[in-house]
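Undergrad: Below you'll find the structure I mean.
The values are calculated or read from the model by the stated rules, or taken from the named source; none is laboratory data. Please read all numbers here as calculations on a predicted model, not as lab measurements. So basically every Cβ, Gly included, is an ideal-geometry build from the backbone, and we count neighbours across all protein chains shown.
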Amino acid sequence: MALDPKMALTRAMRAYELGRARHAATFALPLAALSVVAACLGTRPATACVVGLALLATAWFLLWRGQTLGRAVFPGILAGLVPLALAVGARAYGHVCTGSQCVSLCIPACTVGGVLAGFLIARAGKHAASRGRFLFGASALAVLVGSLGCSCVGYGGVAGLGVGLLVTLLPASLTPRRAAG
Amino acid sequence: MDEHALRELDAAMVRLADGDRSACSSVFAILWTELIGFAERALGRGPDADDAAQQALEKIFDQAADYDRERSALAWALAITAWECRTTLQRRRRRREDPLEHAGAVRSSTLDPEETAMQSAMLVALRASLAGLSTSDQKTLEEAFFRETDGPHAPAFRKRKERALSRLRSAWRKIHGA
């Protein structure tokens, strides 16, 4: 019996989705190491676990969808490492005491990290075909990676990171796209 | 396939590798006939060729995310199809089966094919037993059954023939038991 091309195409597309899912998992799984490292550097294990799972799921989804979202994964993670590193550094430094009171450096570090991450993402997405998608995907990953360190003072650090990111990304997303090359 | 179609396939494959689902139908439309044709040339027209082409197509789509954009998409697809055809050929060889279309070619022309098969098996067994005898015994038996032997040496020859036959019988028993 001759093969039905419609059936063949359906089966091929199913194979394609499975292949992409596997490919995405291969690249997303090593990100689990980030939450392990964060937990070793002082992040609460439960927080590291929850944020790590969210990071894995987001990275897997973006890689599986591919195109602009897939291309946003690497810059997003790279940008997220900046607030993570700054937050870990701030935690290691401790508190700044000014006579009457002591203040944690975590929130300022996360806000500065968010600004820098936003700057990196905006630069990477300068020539992206679909800039809105790129900025959304990359900033989601940057927030998750940064949260692994910025949860040092609860939601405050994460909020600081989000504000920092918004400060840079909002103007970047409103400016017209430059042509590649 | 012409140059334009090749370039179109390469471009569609790059889009597919990038995650553009809309390129699926373009890649399928260009590749499907090529893969079927290739598999039929390798395996002959039939369900085996269809299966091999289908398997190859699924593998191509499954590995699309890893497609190397420096390579020709058609060459890559045909390499996967060739591999599938080779696997089908090996499977066919292993199960020692042929498609029914070729059954007429191996049909026996005799009325009783079982009898013919048994006779040829006996002949093979006899040849094996004869090969175990000495050259002089073989010559004696040949002369006894295929030439007229008469004259003054006939009694001595009969004796030689008897001895050769008895050795043949024991050789037969040694190989076949009875």
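Undergrad: Report whether or not B:Thr81 is away from chain A (no Cβ under 14 Å), touching a residue at least 12 places away in the same chain (Cβ under 8 Å) and closer than 17 Å to A:Ala8 by Cβ.
TA: no
Undergrad: Of B:Asp50, B:Asp20, which residue is assigned to a helix (DSSP H, G or I) and among the acidic types (Asp, Glu)?
TA: Working: B:Asp20 fails: assigned to a helix (DSSP H, G or I).
It is B:Asp50.
Undergrad: For the stretch B:2-20, name all the residues that are more than 8 Å from chain A (Cβ to nearest Cβ) and without any contact (Cβ under 8 Å) to a residue 24 or more places away in the chain.
TA: Our first condition is that a residue be more than 8 Å from chain A (Cβ to nearest Cβ); within the stretch B:2-20, this holds for B:2-15, B:17.
Correct list: B:Asp2, B:Glu3, B:His4, B:Arg7, B:Glu8, B:Ala11, B:Arg15.
Undergrad: Please verify whether the stretch A:40-53 includes one or more residues that are touching a Cys at 6+ places or on another chain (Cβ under 6 Å) and in contact (Cβ under 8 Å) with a residue 12 or more places away in the chain.
TA: The initial filter retains those residues of the stretch A:40-53 that are touching a Cys at 6+ places or on another chain (Cβ under 6 Å), namely none.
No, there is no match, as no residue in the stretch A:40-53 is touching a Cys at 6+ places or on another chain (Cβ under 6 Å) and in contact (Cβ under 8 Å) with a residue 12 or more places away in the chain.
Undergrad: Now, a different point. Only one of these conditions is not met by B:Lys59: (1) modelled with pLDDT under 90; (2) within 14 Å of another protein chain (Cβ to nearest Cβ). Which number is it?
TA: (1)
Undergrad: Hey, does the stretch A:52-66 have a residue that's within 29 Å of A:Leu169 (Cα to Cα) and charged (D, E, K, R)?
TA: Of the residues in the stretch A:52-66, the ones within 29 Å of A:Leu169 (Cα to Cα) are A:52-66.
Next, from what is left, pick out any that are charged (D, E, K, R): A:65.
Yes, the stretch A:52-66 contains a residue that is within 29 Å of A:Leu169 (Cα to Cα) and charged (D, E, K, R).
Undergrad: Name the residue that is farthest from A:Ala129 (Cα to Cα), counting only residues in the stretch B:24-47 that are among the aliphatic types (A, V, I, L, M), within 10 Å of chain A (Cβ to nearest Cβ) and surrounded by 19 or more Cβ atoms within 10 Å (Cβ to Cβ). Show your work before the answer.
TA: Step one: list which residues in the stretch B:24-47 are among the aliphatic types (A, V, I, L, M), which gives B:27, B:29-31, B:35-36, B:39, B:42-43.
Now restrict to residues that are within 10 Å of chain A (Cβ to nearest Cβ): B:27, B:29, B:31, B:35-36.
If we keep only those that are surrounded by 19 or more Cβ atoms within 10 Å (Cβ to Cβ) too, we end up with B:27, B:31, B:35-36.
Values: B:Val27: 23, B:Leu31: 28, B:Leu35: 34, B:Ile36: 37 Å.
The selected residue is B:Ile36.
Undergrad: Continuing with the same structure: Can you name the helices (runs of 4 or more DSSP H) wholly within the stretch A:1-85 that have at least 1 residues being aromatic (Phe, Trp, Tyr) and more than 12 Å from chain B (Cβ to nearest Cβ)?
TA: A:45-65
Undergrad: When you go through A:Ala138, A:Ala124 one by one, which is the residue that is surrounded by 22 or more Cβ atoms within 10 Å (Cβ to Cβ) and at pLDDT 85 or above?
TA: On the way: A:Ala124 fails: surrounded by 22 or more Cβ atoms within 10 Å (Cβ to Cβ).
Criteria check complete, one pass: A:Ala138.
Undergrad: Identify, by number, the condition in (1) over 21 Å from A:Ala54 (Cβ atoms); (2) modelled with pLDDT of 85 or more; (3) within 18 Å of the chain's Cα centre (by Cα); (4) surrounded by fewer than 18 Cβ atoms within 10 Å (Cβ to Cβ) that A:Ala85 doesn't meet.
TA: Looking at each condition in turn, A:Ala85 falls short on (1).
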